[in-house]
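> Got a structure for you, written out below as structure tokens; questions coming shortly.
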Amino acid sequence: MLTGWYFLSLREEITLPGPVYYSDALIRKLEAALNASFGARSVHLTQPRKKDFREAIRVTLQEGEQNQRTVAGDGDSSAHCVMEIITKSSSGSGFWFGLSAIFEPTASRKHSLEHVSLLVFQDIFGDLIPFFRAEWMRSAVDDASKHAQPHWHFTQSPARIESIIRAFSTSDRVAVRKFSPEAETGLFAGLPDFGMFHFAMTSLWEECNEPPYLKRQFDSEQFPMWFASLTDYIAEQISYLNSHVPASGVTSLKDFVPSAFDIRS
């Protein structure tokens, strides 16, 4: 007779596969998903010319393609390329995507996926504003962290929102370009940065309330299937957003003048 321990062990083996190994075939699958979902048709990801098994591999959008812009990285990360998401009607969506994937070297002389982040930006009057990102980290699946893996982050921070308000409340375009949200804050000072909230993407809360059931491990076969479903879902939701934009659009901007209630001493 099979014991409860056997069933538990079997379930752990099923839900914790891995790792996701770097390969040319995997990169092609990711490119195909981005092309099919986001209508770009020319997405190419970076690949190392010579694989040094002692160094990590970082995969991003390759430079030199059409419909491409560059955005600054967060913190210590370097700048990377982004491309506009094209809707099924073959028109620009006003949303742009980027990708960052890190493959770490292993003892087997292969590289396994440690972290992947699919970033989405919104074009607001010519500036690409961080909107949200979908993220997964392999090492966080096994540790004691209660953050769900994979998860969503909504990245419109209070400081960035304030920078937009201040920028478009002035007619001095030079001052707008030189504006630094870190140097001038006040309206939203003290508010938590909601971009740090981890929204679960694949949860099994109905089975158990223990942290391991908030997390999902992938192997080399499962990961590209999940990635393709992720890009399809994002593309569908962005098309849905654009289909509900008021026909009149934004016709004018009003100067922002904080009231006495808005000012904090």
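> Work out the FRET efficiency for Ala32 and Lys88 from their Cβ-Cβ distance, taking R0 = 22 Å, and round it to the nearest 0.05.
0.80
> If you don't mind, there's one more thing I want to ask. What is the fewest-to-most order of Glu236, Glu104 by other Cβ atoms lying within 10 Å of their Cβ?
The most exposed by this proxy come first: Glu236, Glu104.
> Ok, one more. At a 10 Å Cβ-Cβ cut-off, how would you order Lys88, Lys50, Lys29, fewest neighbours first?
Ranking Lys88, Lys50, Lys29 by Cβ neighbours within 10 Å, fewest first, gives Lys50, Lys88, Lys29.
> Please give the net charge around Arg138, taking every other residue with its beta carbon less than 9 angstrom from that of Arg138, where Lys and Arg add +1 and Asp and Glu add -1.
-3
> Got the relative contact order for the range 95-137 handy, in percent, Cα pairs under 8 Å and 6 or more residues apart?
For the range 95-137, the relative contact order is 36 percent.
> Next question. So for the pair Ala56, His147, with labels modelled 7 Å out along Cα→Cβ, what separation do we get in nm?
1.3 nm
> Let me ask something additional. What distance in nm lies between label points placed 7 Å from Cα along the C-beta direction at Phe125 and Lys110?
My value for the distance between the label points is 5.1 nm.
> Follow-up question, since we're still on this one. At 0.36 nm per residue, minus the direct Cα-Cα distance, what do Glu65 and Arg160 gain on full extension? Give it in nm, one decimal, please.
Gain on extension, Glu65 to Arg160, equals 31.4 nm.
> Let a ≥ b ≥ c be the square roots of the eigenvalues of the Cα gyration tensor of the range 32-125; is it rounded (a/c under 1.5), or, if not, prolate (a/b larger than b/c) or oblate?
Note, shape of the range 32-125 comes out prolate.
> Sorted by mean Cβ packing within 10 Å, highest first, what order do the peptides 53-63, 135-145 take? Write out the running numbers ahead of the final one.
Details: 53-63: 15.1, 135-145: 16.8.
Answer by packing, highest mean first, reads 135-145, 53-63.
Where a number appears in this text, it was derived from the coordinates with a stated rule and is not lab data. Keep in mind the model is a prediction, meaning the values are calculated, not measured. Glycine also receives a Cβ, built like all others from the backbone with ideal geometry; neighbour counts cover every protein chain displayed.
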